[in-house]
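Down below is the structure, laid out as structure tokens.
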Amino acid sequence: MLWFVGLGIDGYQGLSVHAINILKSCKKICIERFTSEISDSDLTNIRALIDDDAIEIIAVKRWVVEDGRLILEEARKKVVALLSYGDPLIATTHSELYVRAKRNSIDVRVIHAASGLTSVIGEAGLHFYKCGRSVTMMSEPQSGISVYNTIHGNLLAGNHTLILTEYAVDDSGKTSFLDPREALEMLLGIESDLKYGILNLDTFAIIASRIGTEDNSIVSGKIGSLIESKFGSGPHSIVITGRLHFIEEEGIINLTHNLDDPLDNTLNVHRLSVKMIERYAPKAKLALRNLKNIIDRENDPLSNKGILESLDNAEHYIYDAERFLGQGKLELAVLSIGYAEGLIDASRYQKGINPWS
């Protein structure tokens, strides 16, 4: 039998009486410390709570849980528990192991506990139902692009984005946390490259540190103010807020260390398709006008008849693109501007000129 047991966010004190009794009934307890930190003192106190030398209690490495075969093999023969920070089925590694145990006809039970995800949102004064997709920010630059795109998608829907920051344990057991200031600076760097217009120094954000501990901290304000602050040791989470309800605004002001008044981060966010049409339609109109001027100067309507017909169609497609944009038919708008540019380019190559410059 395999038990998935959540430690919650308060260290060993987060274990319920039911969870402690279940752990005492196990033959082996595997403590997982790689999805989030479980301190050495918590390990000592957990062993003291169990207080049974017959029960094997070990801290397992990441590969043991990801591979899963050793845990599942032992769970076939005896009662085994996998103890982890927060709620045990938040981590995809755990949920995948849960599915494999079920698939292999191993009896599986779960003891849920408080999750850092819901705790951050609630303690910051936000409404959880307004949270969009959550994402993890790593120190590698490529990770930031995925986070940036997630923020963009959530803002389009008016939702908040919860960003979990990197937590790592090296071979010696030393832990490290991604500094939220570094994470924000990485996101600003991606903004300068992609230019979706969703992040700047005035973007409002919330940084929660060490939620569940006595020295927890929740700071809110503009990114420009936050990157000048210090947040201490981790773990850290960042929330890029979306459209704020007035009760959420009151919550932020009263429940967090508020550096700047809350702002609506969705006001200037547009879909990429909208930005494309707004950017390319004027350029297509200018290129079209340049081509027509050149053809008019040639004063040879007979040989240019086919090109002029193509340019008339291009003009209709530009009009259609703007009309579809106004109707909210964004895919048709993008297709129309693409057809218009294709016709302009066909005429460009036929005439051997560049109307875009």
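A compact table of results
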read-out: Qualifying residue in the stretch 15-26 (condition: surrounded by fewer than 17 Cβ atoms within 10 Å (Cβ to Cβ), farther than 20 Å from residue 175 by Cβ and in contact (Cβ under 8 Å) with a residue 60 or more places away in the chain); value: yes
read-out: Residue identified as more than 16 Å from residue 275 (Cβ to Cβ), assigned to a helix (DSSP H, G or I), in the same structural domain as residue 291 (by TED's automatic domain parsing) and touching a His at 6+ places or on another chain (Cβ under 9 Å) among 314, 340; value: 340
read-out: Selected residue [on the phi < 0 side of the Ramachandran plot, assigned by TED's automatic domain parsing to the domain that holds residue 100, without any contact (Cβ under 8 Å) to a residue 40 or more places away in the chain and within 34 Å of the chain's Cα centre (by Cα)] from 57, 46, 29; value: 46
read-out: Matching residues, the stretch 99-116, being touching a Phe, Trp or Tyr at 6+ places or on another chain (Cβ under 8 Å) and exposed (fewer than 13 other Cβ atoms within 10 Å of the Cβ); value: 109
read-out: Residue that is buried (at least 18 other Cβ atoms within 10 Å of the Cβ) and either under 29 Å from residue 15 (Cα atoms) or without any contact (Cβ under 8 Å) to a residue 12 or more places away in the chain (or both), where the choices are 96, 166; value: 166
read-out: Residue that is outside any helix (DSSP H, G or I), hydrophobic (A, V, I, L, M, F, W, C) and at pLDDT below 90, where the choices are 57, 29, 38; value: 38
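To keep it simple, each residue is scored yes or no on (1) more than 16 Å from residue 120 (Cα to Cα); (2) of a type outside the set (Val, Ile, Thr); (3) in contact with a helix residue (DSSP H, G or I) (Cβ under 7 Å, 6 or more places away or on another chain).
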{"position": "222", "(1), (2), (3)": "yes, yes, no"}
{"position": "231", "(1), (2), (3)": "no, yes, yes"}
{"position": "277", "(1), (2), (3)": "yes, no, yes"}
{"position": "291", "(1), (2), (3)": "yes, yes, yes"}
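Each row is one residue, and each column tells you yes or no for (1) polar (S, T, N, Q); (2) assigned to a strand (DSSP E or B); (3) in the same structural domain as residue 203 (by TED's automatic domain parsing).
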| site | (1), (2), (3) |
| --- | --- |
| 105 | yes, no, no |
| 109 | no, yes, no |
| 126 | no, no, yes |
| 129 | no, no, yes |
| 133 | no, no, yes |
| 146 | yes, no, yes |
| 152 | no, no, yes |
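The values are calculated or read from the model by the stated rules, or taken from the named source; none is laboratory data. Every value quoted in this text rests on a predicted model; they were computed, and no experiment measured them. Heads up, the Cβs are rebuilt from the backbone with ideal geometry, glycines too, and the neighbour counts pull from every protein chain shown.
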